[in-house]
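Rule-based calculations on the coordinates, nothing more; no lab input. Quick caveat, the model's predicted, so the values are computed rather than measured. So basically every Cβ, Gly included, is an ideal-geometry build from the backbone, and we count neighbours across all protein chains shown.
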Amino acid sequence: MTSIPIINQTFTTKLSDELTKDLITLLEEDDEHNVTIEAGEEPNVKKFKAHYYILRMRSPYFRQALSSRWAKQENGIYIFKKPNISPETFSIILKYIYSSTIKVETLSEVEIVNVLGAADELCLNVLVEVLQGILMERKHLWMDKQSVLIYNAGQKYPTCTLLSEIMQEALYQEPELLLKSDDFKSLEVETVNWLLQRDDLGMSELDLWRRLVEWGIGQLQTTLDPEVTKWSDEEFAALEKILCPCIPYIRWRHIPAAEFEKQVSIFKRLLPPELHDPDISGSSVFYTSPTYSTVASRIQSVLINPDQATRIASWIDRLDITPLENGDKLYKSWHIPYQFKLVVRGSRDQKFLQHTLTSNQAVVIIKPSNSTEIFGGYNPLSWSKKSISSNKEPQNTAPLKDSFVFSLGSDEKDDILSRVIDPKDSIYCNVYCSPVFGKGDLFPKGHFEIGQPCGCKQTSYEKPLRQSADQFIIEEFEVFQVIKKEY
């Protein structure tokens, strides 16, 4: 039997390179083209020459666009216009159609996204997949600086599912990412409003207001003077028109009065009158409209909402035992005395170790796998070797009497609050395990970590949190510093 010679990879590559070179020559030098494509809009317009059969073979879009029903011919030449694709982008696309090559290393992220958009429209699915992969490799370059660019691409182009999924996960972990991005001024107003309506933004209301003003200025066609007092009536009116749909979504009540007067009142011509009237004492801002006065504090959490955070804050201050003067056993969600600052999240930071949080009291929130249950515990002391029950060193255990564990329902009637029986048994911790509550009440095996078993058997606290004493698997957890507000 005659053996068939094996063509080695080097030889195959040479043949491929030769074909690519010939096709590029055909594109750039051949005079027998039968398609003219006009790309771009005035004043940036350029005509490209191409070949009917190559375009139809390589692009499903052109297969339809160059059909007898759509195409326009003049003197035997198909005439086609693509005003929405710039000449620079179309040049890259056309070379790819002829040669299946693209020099991505020479392209910026903006240029890649422009080519990606054109590839999506022209149904060049392989190129779409490759360019998304390149952007993922460069994620460390654009995530903090150009995340809006990537987010917009994922929203605008149907085939960019990978970009959409990456940004969805990024916003799950940090929903304020787009507002902090260097290119945030390119956000659409609908996206700005969607973000401002979220309860889980990890930015203060004052920072959100500052960012909103910057965004609004970025939408103007003119440049404003850095000194607000020098803005004209027309400039104020133009900015007010842009910001008007967004202003109701700033949670004004949660801006300290002193900061409001110092940093917001200067923009009062942009705001509804009821936002900047001082009360009789002059010590705070008086909000006459429920739209602005009864909106809950935000909490940067994927596990609990502001109403649930309000219940936890009320338990911290023992309102279940000593109600407020008006008899309420719960704070209002728009008027709680604490800020819950996210320190650790399992899906973001992985483990929670004893040295992770060594100052301020803290709340731990845990979600079991395959369950809608939410468990948690409150530690009134910092988690450090000198402030937990498991240490034998002399310590002030008086605050530990305020420790509690809990189960959160969708409504307060479904909550379970369980306070510690003996403060000495409230909190345990060592170098081999995460901080735990009681001798089994909320007790992970090892560290708080996604996928780890966690016990939930009533021992050191008053009530069981669930009917079953079996261990569950941790699906997600969060740890918050509890910080007393200064106003």
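Observations on the model:
- From helices alone, the chain scores -9500 deg cm²/dmol at 222 nm; the rule is -39500 (n - 2.57) for each run of n ≥ 4 DSSP H residues, then divide by the residue total.
- Gain in span if fully extended, residue 18 to residue 369, counting 0.36 nm per residue against the direct Cα distance: 120.7 nm
- Dipole of the chain, positive direction: furthest Cα of 405, 186, 85, with charges on the beta-carbon: 405
- Highest average packing first - 208-216, 225-233, Cβ atoms within 10 Å: 208-216, 225-233
- Cβ-derived FRET efficiency at R0 35 Å, residue 221 paired with residue 263, nearest 0.05: 0.85
- Identified option (computed Rg and Dmax of the Cα atoms in Å; candidates [x] 30.6, 105; [y] 23.8, 80; [z] 26.8, 78): [x]
- Using a simple spin-label model with pseudo-atoms 7 Å out from Cα toward Cβ, residue 106 and residue 328 lie 6.6 nm apart.
- Nearest-ten-degree value, helix 87-99 long axis tilted from longest Cα axis of the chain: 70
- Once the Cβ-Cβ distance of residue 214 and residue 75 is raised to the sixth power relative to R0 = 41 Å, the FRET efficiency obtained is 0.15.
- FRET efficiency estimate (nearest 0.05) - Cβ-Cβ, residue 439 to residue 349, R0 30 angstrom: 0.65
- Note on 343, 126: ascending count of other Cβ atoms within 10 Å places them as 126, 343, the fewest first.
- Principal-axis tilt of helix 306-316 within the chain, Cα atoms, nearest 10 degrees: 30
- The charge dipole of the chain, taken about the Cα centre with unit charges on the Cβ atoms of Lys, Arg (+1) and Asp, Glu (-1), comes to about 1160 debye, rounded to the nearest 20.
- Of 140, 447, the sequence from fewest to most neighbouring Cβ atoms within 10 angstrom is 140, 447.
- Where labels lie 7 Å past Cα in the beta-carbon direction, separation of residue 207 and residue 475 in nm: 2.9
- For the listed residue pairs 185/485; 145/268; 332/484; 367/484; 95/145, the alpha carbons are over 21 angstrom apart in 185/485; 145/268; 367/484; 95/145.
- Between the amide H of residue 374 and those of 408, distances stay under 5 Å, these residues lying 5 or more places away or on another chain, with hydrogens modeled in the peptide plane.
- The chain: angle of helix 147-156 to the longest principal axis, Cα-based, in degrees nearest 10: 70
- Working ranking of peptides 370-381, 146-157, 311-322 by packing, defined as the average number of other Cβ atoms within 10 Å per residue, highest first, is 146-157, 370-381, 311-322.
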